[in-house]
Amino acid sequence: MLSKASTAQYSFSRIGRRVVLPLLLLSGSPRPSFSTFIPPTGPCQLSETWTELPLINTEKLTKQTSSFTYQLPNSSTPLNLSPCSCLLVRNKDGVVRPYTPTSNNEQKGSLTLTVKHYPNGILSSSIFSESPLEFSHIPANVKLQYPLPPSISRVLLIAGGTGITPISQLLECLNDEKDIVKEVVILIGDNSSSDVIELDVLNKLPSKKFKVVRVFSAAICGPPGMMKSICGVREEKNVTGILEELGWKDDEVYKF
């Protein structure tokens, strides 16, 4: 259970029904600027113009999550997307959602998305049915960008399920020897052990600097406003709020 001192610093924002769990950045001593771990070698292959990309590979990761690899227009260069940036994906009906690729700029000629299939998810259903999709990239991004502010020396990352996908790119940057963040804790929440998404980057992190904590149930305690936003009021057993949207069930959440 998170302490009151920790939970008091969290804030939650929403884009439509998508829940964005922000990074909790703990201040440290000033530091010099630094470059990204895998910097783009040129402009992004995708622009604000919608471009259809052919699907070239799929891989099932869990019962609800798979990776999808799409061919880029230029097969000899990477996507050249800045770390933590996202792409917009559109189906034939004009439904648009943002996705952060789990591939990095070492991967040439293609990009990979890791997607969870929601029964009522319009775009995730389109992706899993392998329907034609269009992609675009906008310069302005809603996600926190790397490098982080120069005063940060300790970082707490919170991810629910496929929320680990945008964080995976940040982890590669933080694992760079040029980055002087001293401590990183990654808190990952999943419905069960069978829902765990194993990404290569998580297995490469040195334990001296990184600590990965997996959570399969949640114990929540706090003031009424926080409880209502995260899981619903204490007096009601059923789970609502952010945890309900992330897929947590009533018997997996304990309200104190």
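Structure above, values below:
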quantity	calculated
Given (1) surrounded by 15 or more Cβ atoms within 10 Å (Cβ to Cβ); (2) of a type in the set (A, V, I, L, M, F, W, C); (3) closer than 28 Å to Val253 by Cβ, number of the condition Ile122 does not satisfy	(1)
Matching residues in segment 172-187 - criterion: being part of a helix (DSSP H, G or I) and either in contact with a strand residue (DSSP E or B) (Cβ under 7 Å, 6 or more places away or on another chain) or assigned by TED's automatic domain parsing to the domain that holds Thr112 (or both)	Leu174
The lone exception for Tyr254 - which of (1) under 15 Å from Ile167 (Cβ atoms); (2) part of a strand (DSSP E or B) it fails	(1)
Flag for Gly247 being touching a helix residue (DSSP H, G or I) at 6+ places or on another chain (Cβ under 7 Å), closer than 29 Å to Asn104 by Cα and surrounded by 14 or more Cβ atoms within 10 Å (Cβ to Cβ)	yes
Residue satisfying all of: in segment 216-243; farther than 22 Å from Gly161 by Cα and touching a helix residue (DSSP H, G or I) at 6+ places or on another chain (Cβ under 7 Å); surrounded by the most Cβ atoms within 10 Å (Cβ to Cβ) among these	Gly222
Which listed residue, of Leu55, Leu61, Leu81, is farther than 13 Å from Leu133 by Cβ, aliphatic (A, V, I, L, M) and out of contact with any Pro (no Cβ under 8 Å at 6 or more places or on another chain)	Leu61
Check on Val253, under 18 Å from Thr102 (Cβ atoms) and either modelled with pLDDT of 85 or more or more than 16 Å from the chain's Cα centre (by Cα) (or both)	no
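The values are calculated or read from the model by the stated rules, or taken from the named source; none is laboratory data. Bear in mind the structure is a predicted one, so any value in this text is a computation, not a measurement. Reconstructed Cβ throughout: ideal geometry from the backbone, glycine too, with neighbour counts over all protein chains shown.
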